[in-house]
Amino acid sequence: MRRSILVVALVMLGVIQAVPYGGNHTNPPVRVELPWDSERTRRLAGRLCFDCHSKVTVWPWFSQVAPISWLIQRDVEHGRRVVNFSEWDRRQNEAPESATALRSGEMPPGRYAWLRPGVRLSATEREDGRGTTARDRMRRKGARQTRAGHG
Ligand code: HEC
C-alpha cells in the first residue's frame, strides 16, 4: 500500500513537469539600473532582492522542478512587476517602500530565506544602529503573530 502511494506520487511528480508554467526562466536585458548610493547597498540588494526584483535573477536548479518552479515563477513575475531595480527608467510607485520593507522584515519573504539559506543577514549587516538585524525582527514579528494567533 505504502509503496503504491509512493509510485503514484512519483508518477504525478513526473507528469507535472510537463506543465509549461514555471519553465520561462528568462532574464530580459537590463534597461536602466537604479543609481545605488553605495556599492555596499548594491551588494546587499543583489543578495536579498535581485532574484525577484531585477532582470539578473539567478535561477537555481530547483527552479526547474515543478511544483517549486511554479512558486518561483510567480514570485519573480509579481516581484518584477511591482519593483524592478533593472527598470529604473519607468515609474515605480512601490519602490520607495524598499527600505521599510527590508527593515520591517517583510522583504525578502520568509519562504525565500527558507529556500536560500545564503540570504540570511549577517551581524555586520545590522542596519539600524540598535543592534538588531532585519532577520531578528522578522523572527520577533513571527513570534508576535503566533502569540496573537493563540490568544
Ligand atoms: C522571493 C522573491 C522576492 C524577494 C527575494 C524579494 N521580494 Fe519584494 N516582493 C516580492 C513579491 C512577489 C512582491 C509583490 C507581492 C507581495 O507583496 O507579496 C514584492 C513586493 C515588494 C515591494 C512592494 C511593496 C510591498 O511590500 O508589497 C517592495 C517595496 C519590495 N518587494 C522590496 C523588496 C526588497 C527591498 C527586497 C530585498 C531586501 C525584496 N523585496 C526581496 C518578491 C520578493
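The values are calculated or read from the model by the stated rules, or taken from the named source; none is laboratory data. Everything numeric in this text was worked out from a predicted model, so none of it was measured. All Cβ positions, even for glycine, are placed from backbone atoms using ideal geometry, and neighbour counts span all protein chains on display.
Let's see how each residue does on (1) surrounded by 15 or more Cβ atoms within 10 Å (Cβ to Cβ); (2) within 30 Å of M12 (Cα to Cα); (3) modelled with pLDDT under 90; (4) more than 8 Å from the ligand (Cβ to nearest atom):
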position	(1), (2), (3), (4)
V58	no, yes, no, yes
R81	no, no, no, no
N93	no, no, no, yes
A113	yes, yes, yes, yes
A148	no, no, yes, yes
G151	no, no, yes, yes
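Only residues that are closer than 11 Å to H25 by Cα and of a type in the set (K, R) were counted in segment 46-61, giving 1. Sub-8 Å Cβ pairs linking a first residue in segment 62-80 that is on the phi < 0 side of the Ramachandran plot to a second residue that is hydroxyl-bearing (S, T, Y) and within 7 Å of the ligand (Cβ to nearest atom), at least 6 apart or interchain, are D75/Y112, ordered by first then second residue. The helices (runs of 4 or more DSSP H) falling completely within segment 1-89 that include 2 or more residues that are farther than 24 Å from A113 by Cβ and out of contact with any helix residue (DSSP H, G or I) (no Cβ under 9 Å at 6 or more places or on another chain) map to 2-16. Number of residues in segment 95-111 that are under 10 Å from the mean Cα position of the chain (by Cα) and within 7 Å of the ligand (Cβ to nearest atom): the value is 4.
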